1. Sorting check: for 385-395, 45-55, which peptide has the highest mean count of neighbouring beta carbons within 10 Å, and how do the rest follow?
2. For Gly622, what residues show an amide H to amide H distance below 5 Å, using hydrogens built from the backbone and excluding near sequence neighbours?
3. So what are the ³J(HN,Hα) numbers for region 555-567, from phi and the Karplus equation (6.51, -1.76, 1.60; θ = phi - 60°), rounded to whole Hz, Gly and Pro as x?
4. Tally Lys/Arg at +1 and Asp/Glu at -1 over every other residue whose Cβ is under 14 Å from the Cβ of Phe97; what's the total?
5. Tell me which residues come under 5 Å, amide H to amide H, from Gln168 once H is placed; ignore anything under 5 positions away on its chain.
6. Normalised by the residues of region 81-132, what does the relative contact order come to in percent, with Cα pairs under 8 Å and at least six apart?
7. Based on the Kirkwood radius over alpha-carbon pairs, what is the Stokes-Einstein translational diffusion coefficient of region 581-633 at 4 °C with 1.567 mPa s viscosity, in µm²/s?
8. Run the 1.4 Å probe and let me know the accessible area of Arg583, rounded to the nearest 10 Å².
Amino acid sequence: MMAKFQRFGGAMFTPVVFFVFSGIIVGLTSVFTNPTIMGSIAGDGTAWTNFWSIIDAGGWTVFNNMEVLFVIGLPLGLANKAKERAALEAFVLYMTFNNFVNIILQHWGKGLGVNLASTAETSGLKVIAGVKTLDTGVIGAILIAGLVVWLHNRYFDVKLPDWLGVFQGSAFVAMIGFFAMIPVAALFCWIWPAFQHGVLQLQFFMVKSGRLGIFMYIFLEKALLPVGLHHFIYAPFQYGPAIVEGGTTLYWMKHITAFAASTKSMTTLFPEGGFAMQGLSNIFGVPGIALAFYATAKQKNRKKVLALIVPGVLTSVFAGITEPFDYTFLFIAPVLFYVHALLAATLATTMYSFGVTGDMQGGLIEMAAKNYIPMWANHWLTYVIQWGLGLAFIAIYFFIFRYLILKFNFPTPGRTDDEMVNMFTKKDYQAKKAGKSGKNSDSPFRVAAGEYIKLLGGAANISTVNNCFTRLRLTIKDPAQLATDAAFMGAGAKGVVRNGDAVQIIVGTDVTNVREEVDALMDEGTGATSVATVYEPAKPESDEPTATKATLFAPVNGNFMNLEDVPDDVFSKKMVGEGFAIRPADGNIYAGVSGRITSVFPTKHALGIKTDNGIELMLHLGLDTVELKGEPFDVVVKEGDRVAPETLVAKMDIHKIEMAGKDPVVLMVMVNSSQFLLGNFKAEVGSEVNHGTPILDVDRA
């Protein structure tokens, strides 16, 4: 469960990264359109003001669409696979949810205490992507996105019957989600108005709790960082309604011009800003910690320590990124990190007590753009006080950390005898706490994708990958490295089209899922084994045909079937090629022809044989048995072996196949049958045949 929370915290960062730049743009726009700062050039209707109004409109894009950003961004961090599709599914279902809410409120809004026609800011309503709905803020967006990600991870890989294949993947997730959104929308319409009322009471309580509330907020936001739960603390305050409607970030941006023009104290104008000052410790805490590291390092290591801490301090102060320091505490002395959290809370609370407040959540660059530059004219004294207190806290941090490091002999950078001077990262900390773990998917789509990559000559031989409705379309660097058509058929393909370096693999309606796995495997750098080593070993003899005629014999005891009667459209419609099938009476499989084994599929459910007259033959053991991963099969030949019609090539456990819900029918298919003249079948449909019974004569065309 903790790992899931940590993963959620990381996903929260995806949409948040857009807020910093947008906030700077809006802050600068406020400066450049303020007549107090810019003079008459910034008057109403001037070309200067009109220009900056355009820039301002672009800067507000992110803040006006926060819900949509979270809905799209969270799946990119939380989906186990096909993240882009998960993001699209989340957007579609979120808008479906909003449309359901809109209609429910049209019919029953008054009974639920909601006036859908209201335009007041306190109505609890908002227009999202053109749909008027309940203003659930990022909390609603996160809940819907989380539900969609759960549906995606659970149902995206579900294999539907071929005739329903068009509905699998994203379409299947959207279908399930559509019906799930109906009760979810109804539940929100019932519960959310009461929740909004409760939020108003919470806002009142938090504001009235003053310094104690601020201290607890800043401490928890910092202290919960190691376990990734700090996002649950700041998100409802910074981007949600926990303390002010729309969150502190949005509220500050909306009112910054009015705040800048007012001479009232900052705590009077924006008392909620005490819950938006977690960035102060980045500027006034980390430098004190760095000085303590330097002062307590061994003399011979101080130059090395200085080289490490200076870039770290600059990154923290100017950009608000503190990971090297935060995770150094956690790696070597967790207690120091919680001392840091206490001092950070004390710092913010003290500054608030002296009248300092505002949107101060990042580094100095962001803080200057959002606070100092636009607000300086009427609030410069507030910032002078802030920096006076801040410099004092640098000294407080320094002395407390220096004392604790020396008192308890913490091995901070530069203090070890081996002269090793290190700062540590989040990766180091997580490796220390829990070790590394990996996850490999064994879905049928990934298995197929991996085999296709190998058959194509490995990932290094693939230039581009695309797909249409049923086909993988690829550009290949060296066509000579491609495997035979029979090998592709054995991997589950319905056909292969070759045209120079352009190759199409006919996959069917599974192609979307397979394409996602091909992309994933290539990104991971896996599946790069060349086909030459896996499917085409050194050939003991020439592939040139040595005969003009061949007879195909029954490869197994059982009842003869026409290929058209096989319950699989791919084979029955002869998309793979001509041939026949036998419903087996036992599990002994024989070659049925004279020739050479050209391929043995890794899941052992199919073998390729090339006959002496050039037929590329596929023995396919059962339908959809690739999903059984080879368990019911025992192949007793290897690639390159010569075989005769009576050669035992494999054994299969019919009972296991049937227990798995699969059809054990055995197929003998000529994948290049268009190059040959076929005689008449020598067996009647339904008749019993034994292995070795002649079935079909084939001549070279």
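The values are calculated or read from the model by the stated rules, or taken from the named source; none is laboratory data. A quick note: this is a predicted structure, and the numbers were derived from the prediction, not measured. Neighbour counts are summed over all protein chains in view; Cβ atoms, including those assigned to glycine, are modelled from backbone coordinates with ideal geometry. To get the accessible areas, we keep the full protein, side chains included, count just its heavy atoms, and leave off ligands, DNA and RNA. Shrake-Rupley method; radii C 1.70, N 1.55, O 1.52, S 1.80 Å.
1. 385-395, 45-55
2. Amide H to amide H, under 5 Å and 5 or more residues apart or across chains, Gly622 pairs with Val665, Val666, Leu667.
3. Per residue, the Karplus-derived 3J(HN,Hα) values read x, 7, 6, x, 9, 6, 9, 6, 4, 5, 8, 5, x Hz.
4. -1
5. none
6. Contact order relative to length: 29 percent.
7. D, rounded to a whole number, is 109 µm²/s.
8. Counting only protein heavy atoms, Arg583 exposes about 90 Å² to solvent.
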